[in-house]
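See below for the structure under consideration.
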């Protein structure tokens, strides 16, 4: 894993290509060694009810939460966090230039003893690789 969850204010939907933002995160994460590609999950949730700063409805936000299985050294996690954050800033630069937007990101460890997992994505990826 990691799981990336993007929450964004609904007023940004006409300003930012949210699917493109998800793909930016996925593609960036796939290039980072500490994130195994088959485990990458990126999802976005539009938030329609929010209040920001002085209450001006023109303000928006993008908040990215990264959850990953515990065990990676802090310096590896910090470097991965910075790479994802820099990719987000680059992707959002056009929107930042013309709109009031707050961007935040947080990475958290998941306790593997309290987070069972199962799935068949790796099996299907292996089958796809064998077919080509």
Number of positions in segment 14-43 that are under 20 Å from residue 69 (Cα atoms) and at pLDDT 95 or above: 12
Matching option when the condition is touching a residue at least 40 places away in the same chain (Cβ under 8 Å), surrounded by fewer than 16 Cβ atoms within 10 Å (Cβ to Cβ) and within 22 Å of residue 124 (Cβ to Cβ), among 38, 57: 38
Filter result for residue 45 (more than 13 Å from residue 11 (Cβ to Cβ), touching a strand residue (DSSP E or B) at 6+ places or on another chain (Cβ under 8 Å), in contact (Cβ under 8 Å) with a residue 12 or more places away in the chain and exposed (fewer than 14 other Cβ atoms within 10 Å of the Cβ)): yes
Residue, nearest to residue 102 (Cα to Cα), within segment 5-20, restricted to residues that are in a loop (DSSP other than H, G, I, E, B) and free of Cβ contacts under 8 Å to residues at least 60 places away in the same chain: 13
Selected residue (criterion: surrounded by the most Cβ atoms within 10 Å (Cβ to Cβ)) from residues of segment 67-94 that are more than 14 Å from residue 24 (Cα to Cα) and in contact with a helix residue (DSSP H, G or I) (Cβ under 7 Å, 6 or more places away or on another chain): 69
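Restricting to segment 1-12, give me the number of residues that are surrounded by 14 or more Cβ atoms within 10 Å (Cβ to Cβ) and over 14 Å from the mean Cα position of the chain (by Cα). I'd like the intermediate steps shown before the answer.
Initially, segment 1-12 is screened for residues surrounded by 14 or more Cβ atoms within 10 Å (Cβ to Cβ), giving 1-9, 11-12.
Then keep just the ones that are over 14 Å from the mean Cα position of the chain (by Cα); that gives 9, 11-12.
Final tally of qualifying residues: 3.
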Search result, residues across segment 21-35 that are touching a helix residue (DSSP H, G or I) at 6+ places or on another chain (Cβ under 7 Å) and without any contact (Cβ under 8 Å) to a residue 12 or more places away in the chain: 30
Residue satisfying condition, being within 17 Å of the chain's Cα centre (by Cα) and at pLDDT below 95, within set 114, 103, 92, 68: 68
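The values are calculated or read from the model by the stated rules, or taken from the named source; none is laboratory data. All values derive from a computational prediction rather than experimental measurement. Note that we place each Cβ from the backbone using ideal geometry, even for glycine, and neighbour counts take in every protein chain shown.
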